[in-house]
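**Q** Structure provided below as structure tokens; questions to follow.
The values are calculated or read from the model by the stated rules, or taken from the named source; none is laboratory data. All values reported here derive from a predicted model rather than from experimental measurement. Using ideal geometry, Cβ is built from the backbone for each residue, glycine included, and neighbour counts are taken over all protein chains shown. Heavy atoms of the whole protein, side chains included, go into the accessibility calculation; ligands, DNA and RNA do not. Shrake-Rupley method; radii C 1.70, N 1.55, O 1.52, S 1.80 Å.
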Amino acid sequence: MVPAHLNISQQTQLLDNQSYSLVPTMTKNIHFLILFILLNILEFNVNLTKSNPHPQFPCQPPHHKYTFCNKKLSISTRVHSLISLLTIDEKILHLSDNTTSIPRLGLPAYEWWSESLHGIGTNGPGINFNGPIKSATSFPQVILTAAAFNRTLWHSIASTIAVEARAMYNTGQSGLTFWAPNINVFRDPRWGRGQETPGEDPMVVSAYAIEYVTGFQELNSKADKESSNGHGFGNTRRVLKEDDDAGDKLMLSACCKHFTAYDLEKWGDATRYNFNAVVTKQDMEDTFQAPFRSCIQQAKARCLMCSYNSVNGVPACADKVLLDKVRTDWGFDGYITSDCDAVATIYENQNYTKTPEDAVALALKAGFLAVSSNLLFYVTLSSFSKSYSTILAGTNINCGTYMLRHVKSAFQQGSVLEEDLDRALQYLLSVQFRLGLFDGNPAKGQFAKFGPQDVCTSNNLELALDAARQGIVLLKNDQKFLPLDKRSISTLAIVGPMANVSSPGGTYTGVPCKLKSIHEGFHRHINRTLYAAGCLDIGCNSTAGFLDAISIAKEADYVIVVAGLDLSQETEDLDRYSLLLPGNQTNLVTALAAVSKKPIILVLTGGGPIDVSFAEKDPRIASILWVAYPGETGGKALSEIIFGYQNPGGKLPMTWYLESYTKVPMTNMNMRADPANDYPGRTYRFYTGDPLYGFGHGLSYTSFSSQLLSAPNRLSLSLGKSNWKGSILAQEHSRLGYIHVDEVPSCSLSKFFIHISVTNDGDMDGNHILLLFSRVPQNIQGAPLKQLVGFDRVHVPARKSVETSLSINPCEFLSFSNDQGNRILALGEHTLILDDIEHIVSIEM
């Protein structure tokens, strides 16, 4: 008998000794040979298990002969084959994010929920850092990356996260379906999750969605060639093609969330679980829906997450109008998941149905609503005939267990039909097949070479550092106080509780490669760096630490105060009520400014806008920088900017309001201003008040000037009708002053370019962000004050000029929505605004 706790070599030695004492020599040798062979087989199996962390995968013998395992067949054929083999109970098992295994078909369990917002996160149960990969690159929070206004950067970050994600899948530490990005528009400055978004402008959010999803999902030809060189993805991209089965293959699946009009956690009695977002057709079209349309139509995202809230009285995960639009108008063929327990909230929080069974049926079928007296009201689902269930829309999977617990009884009651289950599974399984989950052993797959060597590489960390450098925004810099000359500094004081937080990454952060604080980023520059927290925590409800902070401020040559927000002030399930610095932070800053030898530098953390008007006006506070949640390389990036090794170039992707804005109810979803009711509007496009810092604000250590090299003066659009009807339409549109975009078949042919020269007039290399806005020619009701129509980031060496171009599609970027939710294009003179340049483009029929 061999003790099980011994390792293989110990077992060999023990059996060898036992065999010599019990049997004759020849028999001993035979036994030893047999033992040697068996132990080698055992060791091979152990090593095989280590090298293949997916010992259970679909379509391995003896289950490989099923039709759904035949890779020569189309994905749709294979999906239908698998669905036909499942029982009702087995189909229901697929309606949860944690899919249970089905041993008789050789189907292992699968967890759909993994997170990758700005790096592999720990939030989803599909991720663990307990295997060979102990950490992953932590990029800056999205709001800071958005401040770079750099499409190439956004794509590179997503591609790098994708490589690390696939590497973690290969080590058995993640799934292949990730629930990012968050592309809700940052509508209200108090929203706790605004930090996760690319900001307040629908065009920027749409552009970010396209870059993130394509970078994350797309197959990359270079990945096969250079998967293990530590460089991650190169620049070679192979765009997915929809016309062939091979082109349908995915490296990973991204998910655009939260659909739709979701931007409130908890404000007064309203929570995200019970809030009814009342949204006009106008705002829905040109603000809330625009990023999701781009994410699906242009980026080809394979997942859409519906939100907790209701929209105009209907739960988002059960809204037939919204979800039908996604499938039919936008051509979405991926799967729709609920936010976690969002199906439960239909009954439990919103009281929209009479029973849990009706709630799950409503979600699967997407909104059996009836109309009476112009009011939408709920009708018992079982009263509808089978024909009503032939619908494309519906929530396909429930993050949580609500469907697992209630669909079976709903099926028995007749409110859920088997075809409802089959429809949901068709979307779910199609994505899994595209990911290659049914193509055999992952260790032999296209991306099998990705592993620990591709995670936390020097290149990945350099990309994270570059993202922080590009995103950090210089808000104030009186008398060109920055950059500092470190040669003149013997002692530097750094104050603030956030200065000593390791790798401040914001929400949905994973395990960083290196734990570095903002404070540590300055050690390499100044030998004598003093630190005091000043406040016990970010809430700063006590002044007990002020004396220590004041003491080192008096001693130091320069003082840097790191103030602002952390996740105790803004996060998921937590909105702010004030835009001021928390607690006694303002008092701390002013106290330090009063005793410092020189004006101080204020560094602001946090994803939401902060009213620091006191600091903007105070000459003792020379410079203000916003770093948001800069990730594990943020301290290094900040120090490089403060000491002039890098030139700041970020610009704010959202408006920074004054504290008086908190009088505006967070529950008011209207984007447009309503002066009659003292409602100022939202975001730079519609806000009629004076902000502290406007959208696009950001300073540099150098100065830039722009010159318009060429741009059209006139655009002529045709309605495509040569008969008398076209003439009547033209007369009517001339009277109204606008045309409907969908009436202009040739609009894509009217795309034009703005050619620009940017000159760096200073002595330091820098990056300049070009923001091109347009203003409509006349006061059409609901028109934006101005809107972004193009942007680019260009690097310009000192005393040099660089030329670039912006492409403008007039129907897409110069239009806006009317009160019926239809996009219109104003006729007449449009004003294009770039820095201090204005150019008129006249649009006529």
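**Q** In segment 57-69, which residues are open to solvent by 60 Å² or more (accessible area, probe 1.4 Å), under 38 Å from the mean Cα position of the chain (by Cα) and farther than 15 Å from Leu86 by Cα?
**A** His64 - this is the single residue of segment 57-69 that is open to solvent by 60 Å² or more (accessible area, probe 1.4 Å), under 38 Å from the mean Cα position of the chain (by Cα) and farther than 15 Å from Leu86 by Cα.
**Q** Moving on. Quick check on my filter: what residues within segment 580-602 are open to solvent by 30 Å² or more (accessible area, probe 1.4 Å) and either among the small types (Gly, Ala, Ser) or not in a helix (DSSP H, G or I) (or both)?
**A** Leu580, Gly583, Asn584, Ala594, Lys597, Lys598, Pro599
**Q** Quickly run through segment 459-511 and pick out the residues that are in contact with a helix residue (DSSP H, G or I) (Cβ under 7 Å, 6 or more places away or on another chain) and in a loop (DSSP other than H, G, I, E, B).
**A** Passing the criteria: Ile472, Leu482, Pro483, Leu484, Pro504, Gly506, Thr507, Tyr508.
**Q** Related question: Taking segment 94-105 only, how many residues are touching a residue at least 24 places away in the same chain (Cβ under 8 Å), farther than 19 Å from Gln173 by Cβ and surrounded by fewer than 19 Cβ atoms within 10 Å (Cβ to Cβ)?
**A** 1
**Q** Let me ask something else. If we only count strands (runs of 3 or more DSSP E) wholly inside segment 256-349, which ones have 1 or more residues that are in contact with a Lys or Arg (Cβ under 9 Å, 6 or more places away or on another chain) and of a type in the set (S, T, N, Q)?
**A** Values: elements: 256-259, 303-306, 335-338.
In segment 256-349, the matching strands (runs of 3 or more DSSP E) lie at 335-338.
**Q** Further question: Among the residues of segment 202-214, are any under 24 Å from Lys300 (Cβ atoms), open to solvent by less than 10 Å² (accessible area, probe 1.4 Å) and not in a helix (DSSP H, G or I)?
**A** No, segment 202-214 has no match at all.
**Q** Another question, then. Quick check, is Leu437 open to solvent by 10 Å² or more (accessible area, probe 1.4 Å) and within 30 Å of Asn647 (Cβ to Cβ)?
**A** Values: open to solvent by 10 Å² or more (accessible area, probe 1.4 Å): yes; within 30 Å of Asn647 (Cβ to Cβ): no.
Answer is no for this residue.
**Q** How many residues does segment 134-182 hold that are within 27 Å of Gly650 (Cα to Cα) and either of a type outside the set (A, V, I, L, M, F, W, C) or over 16 Å from the mean Cα position of the chain (by Cα) (or both)?
**A** 17
**Q** Under 6 Å between Cβ atoms, which residue pairs at least 6 apart in sequence (or on different chains) link something in segment 797-812 that is without any contact (Cβ under 8 Å) to a residue 40 or more places away in the chain and loosely packed, with under 15 Cβ neighbours inside 10 Å with a partner that is in a loop (DSSP other than H, G, I, E, B) and not small (Gly, Ala, Ser)?
**A** Sorted first by the residue in segment 797-812, then by its partner, the pairs are Pro797/Asp765.
**Q** Would you check which residues across segment 792-826 are farther than 30 Å from Thr702 by Cβ and touching an Asp or Glu at 6+ places or on another chain (Cβ under 6 Å) and list them?
**A** Residues satisfying the conditions are Phe816, Ser817, Gly821.
**Q** Related question: With the checklist (1) within 18 Å of Val595 (Cα to Cα); (2) more than 33 Å from the chain's Cα centre (by Cα); (3) not aliphatic (A, V, I, L, M) in hand, flag the one item Gly496 doesn't pass.
**A** (2)
**Q** Test each condition in (1) within 27 Å of the chain's Cα centre (by Cα); (2) open to solvent by 40 Å² or more (accessible area, probe 1.4 Å); (3) modelled with pLDDT of 95 or more for Gln446 and report the one that comes out false.
**A** Exception for Gln446: condition (3).
**Q** With respect to Ala165, is the statement that it is in contact with a helix residue (DSSP H, G or I) (Cβ under 7 Å, 6 or more places away or on another chain), in contact (Cβ under 8 Å) with a residue 24 or more places away in the chain and among the hydrophobic types (A, V, I, L, M, F, W, C) true?
**A** No: the conditions fail for Ala165.
**Q** Could I ask something else about it? Test each condition in (1) within 30 Å of the chain's Cα centre (by Cα); (2) in a helix (DSSP H, G or I) for Leu770 and report the one that comes out false.
**A** Answer for Leu770: the failing condition is (2).
**Q** Please go through segment 419-436 and pick out each residue that is within 18 Å of Lys300 (Cβ to Cβ), assigned to a helix (DSSP H, G or I) and out of contact with any helix residue (DSSP H, G or I) (no Cβ under 7 Å at 6 or more places or on another chain).
**A** Once the filter is applied, which keeps residues that are within 18 Å of Lys300 (Cβ to Cβ), assigned to a helix (DSSP H, G or I) and out of contact with any helix residue (DSSP H, G or I) (no Cβ under 7 Å at 6 or more places or on another chain), segment 419-436 yields Tyr427, Leu428, Val431, Gln432.
**Q** Right, here's the next one. So the check is Cβ under 6 Å with 6+ separation or different chains; which pairs have a first residue in segment 659-683 that's touching a residue at least 24 places away in the same chain (Cβ under 8 Å) and assigned to a loop (DSSP other than H, G, I, E, B) and a second one that's surrounded by fewer than 17 Cβ atoms within 10 Å (Cβ to Cβ) and aliphatic (A, V, I, L, M)?
**A** Close Cβ pairs satisfying both conditions: Met669/Val278.
**Q** Would you be able to say whether some residue in segment 393-408 is surrounded by 14 or more Cβ atoms within 10 Å (Cβ to Cβ) and modelled with pLDDT under 95?
**A** yes
**Q** Give all pairs with beta carbons closer than 7 Å in which a residue from segment 423-445 that is touching a residue at least 24 places away in the same chain (Cβ under 8 Å) and closer than 16 Å to Gly175 by Cβ meets a residue that is assigned to a helix (DSSP H, G or I) and polar (S, T, N, Q); count only pairs at least 6 apart in sequence or on separate chains.
**A** Here the result reads Phe438/Gln432; Pro442/Asn170, each pair linking segment 423-445 to a residue that is assigned to a helix (DSSP H, G or I) and polar (S, T, N, Q).
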